[in-house]
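The values are calculated or read from the model by the stated rules, or taken from the named source; none is laboratory data. Source: prediction; values computed, not measured. Heads up, the Cβs are rebuilt from the backbone with ideal geometry, glycines too, and the neighbour counts pull from every protein chain shown. Heavy atoms of the whole protein, side chains included, go into the accessibility calculation; ligands, DNA and RNA do not. Shrake-Rupley method; radii C 1.70, N 1.55, O 1.52, S 1.80 Å.
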Amino acid sequence: MLTALYIGLRFVHFISLMAAFGCALYGAWWAPDTLRRLLMQRFYPLMRHLLLISALSATLMLMAQGGLMGDGWNDVWRPATWQAVGGTQFGGVWLWQIVLAW
């Protein structure tokens, strides 16, 4: 069950990032000059929600990874496990991803 949660969080995380990137790419670069301002005004609320979902899913993935590396659901809720995951080389990169997402 914990593995399925982790896979689902990764799916949500990458889908939200791809949608936000698509909104930014089309609204800022590919749209005709006459539509850019209107599209970015319309995309802004959606992008704000997508980036919030991305930041939350990145944080929850770190917590779930702690449970996967530890003894299961009990370690998902322990800050000491999160610090142990963050102390690894992989976790250090992950922490930067979370900081930049927030």
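Miscellaneous remarks
- The protection proxy used here, the mean number of other Cβ atoms lying within 10 Å of each residue, ranks peptides 46-57, 17-28, 83-94 as follows, highest first: 46-57, 17-28, 83-94.
- Relative contact order for the chain, counting Cα pairs under 8 Å that sit 6 or more residues apart, in percent: 31
- When a 1.4 Å probe is rolled over the protein heavy atoms, the share of accessible surface on the chain that falls to carbon and sulfur comes to 71 percent.
- Heavy-atom accessible area per residue - the chain, 1.4 Å, Å²: 68
- Acute angle (nearest 10 degrees) that the helix 89-101 long axis makes with the longest principal axis of the chain, alpha-carbon atoms: 40
- Segment Arg78-Leu25, extension gain: residue separation times 0.36 nm, minus the distance between their alpha carbons: 15.2 nm
- The charge dipole of the chain, taken about the Cα centre with unit charges on the Cβ atoms of Lys, Arg (+1) and Asp, Glu (-1), comes to about 380 debye, rounded to the nearest 20.
- Here's the picture: charge each Lys and Arg Cβ at +1 and each Asp and Glu Cβ at -1 in the chain, and of Ala58, Leu100, Phe90 the one pushed furthest to the positive end of that dipole is Leu100.
- Rounded to the nearest 500, the 222 nm mean residue ellipticity of the chain from helices alone is -28500 deg cm²/dmol, with -39,500 (n - 2.57) taken per DSSP H run of at least 4 residues.
- Whole-number percent relative contact order across the stretch 1-59, with pairs defined as alpha carbons under 8 Å at least 6 apart: 54
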